[in-house]
Amino acid sequence: MKPDEPFTLEVLQSEATLSRYDNHIVRTLSSMKGQYADQAAYDAMLAEQDTVLYEVYEVRRPEVPGELLHGLSVVHPGKVGDEYFMTKGHFHTVLETAEVYYCLRGRGVMVMETPEGDWAIEELHPGRVLYVPPRWAHRSVNTSLDEPLLTFFVYPGNSGHDYGTIEQQGFRKLVLCREDQTVYIDNPNWSPPGKGHAD
Ligand code: S6P
Ligand code: ZN
């Protein structure tokens, strides 16, 4: 079989280069039901408009171990109640697969945790590379209220995505804006791994 040819991509130079990605995913407020701590703020906001929270631009590659899936993640600025706009977050279905994020623009954090309940939060700013080791669930949070958080990501082709675990148990830490400061607090609704949802 003839091997694929090498190819290049202008990661982000203009709106026009975004159209060079193969796939564009748009996630709106309605897809994050139960993920924001302030349910009343969520409901009120959704009643107004199904706001776009984040977008993902993917280069499509075969989902097999030797491949690397890659693309651009854009988390828009904003809050639901006190909680910044964020991605759903997920474990990789194949837990032993890692991921690299390279921050291109904006400010944010990556909230991470393992199936055992260990947690970590790392700050993202332009030029910073974050290595998410195997086993760590990850969620990007935009902590700037003025500009989008742009990151470029790369992960193994066979990783897969487990969204269900996070939808059920949540992340252990929430990232909030309180009196213009970014604070990390314990998630009152977090249920320990394997224990189901708290309510
Ligand atoms: C995929 C990688 C990113 C996320 C993107 C959106 O493994 O981590 O492409 O898909 O940042 O987040 P989420 O949690 O909605 O997939
Ligand atoms: Zn991932």
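I'd like the carbon and sulfur percentage of the solvent accessible area for segment 75-199, probe radius 1.4 Å, heavy atoms only, ligands and nucleic acids excluded.
Working: 2680 of 5670 Å².
In segment 75-199, the share of accessible area belonging to carbon and sulfur is 47 percent.
How big, on average over all directions, is the shadow cast by the Cα convex hull of the chain, in nm²?
Working: hull surface 48.4 nm².
For the Cα atoms of the chain, the hull's average projected area reads 12.1 nm².
Could you check the simple spin-label distance between Glu147 and Asp118, using points 7 Å along Cα→Cβ, in nm with one decimal?
3.4 nm
In sequence order, what are the phi-derived ³J(HN,Hα) couplings for segment 141-150 according to the Karplus relation 6.51 cos²θ - 1.76 cosθ + 1.60 with θ = phi - 60°, rounded to whole Hz, with x for glycine and proline?
Computed from phi, the couplings for segment 141-150 are 10, 8, 9, 9, 9, 10, 9, x, 9, 10 Hz.
How far apart, in nanometres, would the label points at Asp38 and Arg128 be if each is projected 7 angstrom from Cα along the Cα-to-Cβ direction?
Roughly 2.4 nm, to one decimal.
Restricting to DSSP loop positions (anything but H, G, I, E, B) with no more than 16 other Cβ atoms inside 10 Å of their own Cβ, which GluC sites (Glu not before Pro) remain in segment 52-119?
For GluC sites (Glu not before Pro) across segment 52-119 that sit outside H, G, I, E and B with at most 16 neighbouring Cβ atoms in 10 Å, the list reads Glu63, Glu67, Glu96, Glu116.
Accessible area per residue, 1.4 Å probe, Å², for the chain: what's the number? Could the numbers behind the result be given before it?
Numbers: 10530 Å² over 199 residues.
Heavy-atom accessible area per residue stands at 53 Å².
Sequence gap of 8 or more, or different chains, plus Cα separation below 23 Å: how many lysine pairs satisfy both in the chain?
Eligible lysine pairs with Cα atoms under 23 Å apart amount to 9.
If a paramagnetic tag sat 7 Å from the Cα of Asp4 along the Cα-Cβ line, which residues of segment 70-113 would have the backbone N under 18 Å from that point?
From segment 70-113, the list is 70-73, 98-100.
Quick one: net charge of Glu113's neighbours, Cβ under 10 Å, K/R +1, D/E -1?
So the surrounding residues net to +2.
Would you please put 14-26, 140-152, 124-136, 175-187 in order of how densely packed they are, using the mean number of other Cβ atoms within 10 angstrom per residue and starting with the highest? Please list the in-between numbers first.
Details: 14-26: 11.3, 140-152: 20.2, 124-136: 15.2, 175-187: 12.8.
The peptides rank, most packed first, as 140-152, 124-136, 175-187, 14-26.
Using 0.36 nm per residue of separation minus the Cα-Cα distance, give me the extension gain between Val59 and Thr165 in nm, one decimal. Please report the intermediate quantities before stating the final value.
Values: separation 106, 0.36 × 106 = 38.16 nm, distance 2.58 nm.
Roughly 35.6 nm would be gained on extension.
As I understand it, the value is the acute angle between the Cα axis of helix 39-48 and the longest principal axis of the Cα atoms of the chain; what does it come to in degrees, rounded to 10?
60 degrees
Spin-label point model (7 Å from Cα, Cβ direction): what's the Gln49 to Lys79 distance in nm?
Simple spin-label model gives 1.8 nm for this pair.
The values are calculated or read from the model by the stated rules, or taken from the named source; none is laboratory data. Just so it is clear, the structure is predicted and the values come from calculations on it, not from any experiment. We place every Cβ from the backbone using ideal geometry, glycine too, and count neighbours over all the protein chains shown. Just the protein is used for accessible areas: all its heavy atoms, side chains included, with ligands, DNA and RNA removed. Shrake-Rupley method; radii C 1.70, N 1.55, O 1.52, S 1.80 Å.
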